[in-house]
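Enquirer: If you scroll down you'll find the structure; I have some questions about it.
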């Protein structure tokens with residue numbers, strides 16, 4: 001081969017290689033909603049405004065299979081499929097009942113006015129417990145439990161029995177709800193710790209009674225008198241293992257401790273996005289070829305975004321008839337004694353905000369309170385006297401946040 005031809009061939013190879021390199025580095029043609037994730041530790045160094053903005057970006061992201069969207073080999077519960085030979089791949093990658101059922105959190109949480117983090121129309125209802133099935137089919141010929149139709153007891157399911165249809169709730173004021181739960185938890189645990197063997201004490205926090213906790217003569221814990229606290233928070237194995245009494249403010253059954261736990265669960269359930277905090281680093285349990293789909297810092301960001309969503313304030317229409325009706329209702333509300341205890345409880349909230357970090361390094365944020373038009377009614381808060389403070393940092397190295405003791 002002549003020198004000219006050799007140089008021509010080498011030049012062509014170089015050009016093709018360069019084009020391939022440029023193409024591999026280009027974002028053109030890639031469908032990735034979050035091109036850059038936060039590295040663990042960044043949540044403590046970037047400005048809080050940027051952290052919240054990144055959390056909103058994650059909440060509104062339209063996740064795709066090119067970044068780990070979908071979970072071919074796992075259920076919405078995180079467990080392996082009942083039938084691993086039928087992966088949840090197209091056209092089985094979405095299912096309105098058993099999920100994945102959405103590309104984005106904001107696909108359901110968008111009311112009113114398209115606000116990310118809001119509530120949802122009935123079309124956006126979630127089918128709770130449907131996620132324990134691989135892929136809901138209602139196929140009478142499918143006899144494998146929790147694959148498509150048959151439940152754990154071997155009974156066939158119908159749309160009315162396979163899951164519970166639940167409304168998509170708005171996350172407005174969710175930071176306040178979690179903060180309040182943390183403060184009540186601290187109060188109840190202090191009462192618990194002051195309960196001596198052979199005695200009992202009333203569990204009261206912020207004017208709310210949670211019944212009575214008692215101890216037998218040998219120090220064993222008696223929780224039969226406790227009211228309004230979820231079963232897992234009453235578990236005890238002996239005198240040295242007191243019930244946690246943790247208030248779990250989220251979900252209808254009161255099973256979820258925090259926005260953080262809620263988010264870790266929801267991203268896997270609804271989108272197939274698996275966080276390192278729940279599933280571990282450099283793992284791929286859902287078999288989609290992606291690991292570290294959501295970092296610990298990402299979970300902090302999306303939790304802070306939700307925690308700082310404002311508590312809704314009252315908006316009184318500029319209509320004399322409606323305003324008169326509202327004022328009459330307010331007077332009736334006060335006349336039956338509702339404002340006395342509600343106002344006192346509102347003012348008894350601590351003021352300094354609460355920490356949301358999953359590590360020993362802490363960062364403190366405050367839920368935002370909309371200014372109310374009148375006094376401190378149940379959903380109308382003045383920013384000057386209702387700033388909350390919560391408990392000490394909670395560690396969450398695993399997917400289920402460690403509860404305070």
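Laboratory data are not the source of any read-out in this text; all were calculated from the coordinates shown. Nothing here was measured: the structure is a model prediction, and the numbers come from that model. All Cβ positions, even for glycine, are placed from backbone atoms using ideal geometry, and neighbour counts span all protein chains on display.
Enquirer: Rounded to the nearest 0.05, what FRET efficiency do residue 319 and residue 49 give with R0 = 41 Å and r taken as the Cβ-Cβ distance? Could you check?
Expert: Efficiency, rounded to the nearest 0.05: 0.65.
Enquirer: Give the order of 315, 246 when sorted by the count of other beta carbons within 10 angstrom, beginning with the fewest.
Expert: The fewest-first ordering by Cβ neighbours comes to 315, 246.
Enquirer: Starting from the Cα of residue 139, step 7 Å along the direction of its Cβ; do the same at residue 33; then give the gap between the two resulting points in nm.
Expert: Once both label points are built, they end up 2.9 nm from each other.
Enquirer: Cα centroids of region 162-185 and region 269-327: how far apart, whole angstrom?
Expert: Value for the Cα centre distance between the two parts: 11 Å.
Enquirer: Order these peptides, 160-171, 71-82, 198-209, by their mean beta-carbon neighbour count within 10 angstrom, highest first.
Expert: Answer by packing, highest mean first, reads 71-82, 160-171, 198-209.
Enquirer: Order these peptides, 260-272, 51-63, 218-230, by their mean beta-carbon neighbour count within 10 angstrom, highest first.
Expert: 260-272, 51-63, 218-230
Enquirer: What ranking do 86, 237 get, fewest neighbouring Cβ atoms within 10 angstrom at the top?
Expert: 237, 86
Enquirer: Turning to a different aspect of this structure: At 7 Å along Cα-to-Cβ for each site, give me the label-to-label distance between residue 338 and residue 152 in nm.
Expert: Taking the two extended label points, one gets 3.9 nm.
Enquirer: Just want the ordering: 40, 134, from fewest to most Cβ atoms lying within 10 Å of their own Cβ.
Expert: 40, 134
Enquirer: In whole percent, what relative contact order does region 194-327 give with Cα contacts below 8 Å and a gap of six or more residues?
Expert: Rounded, it is 11 percent for region 194-327.
Enquirer: Can you give me the relative contact order of region 149-244 as a percent, contacts being Cα pairs under 8 Å and 6 or more apart?
Expert: 15
Enquirer: For a label point 7 angstrom out from the Cα of residue 166 toward its Cβ, which stretches of region 52-79 have the backbone nitrogen within less than 15 Å?
Expert: 76-78
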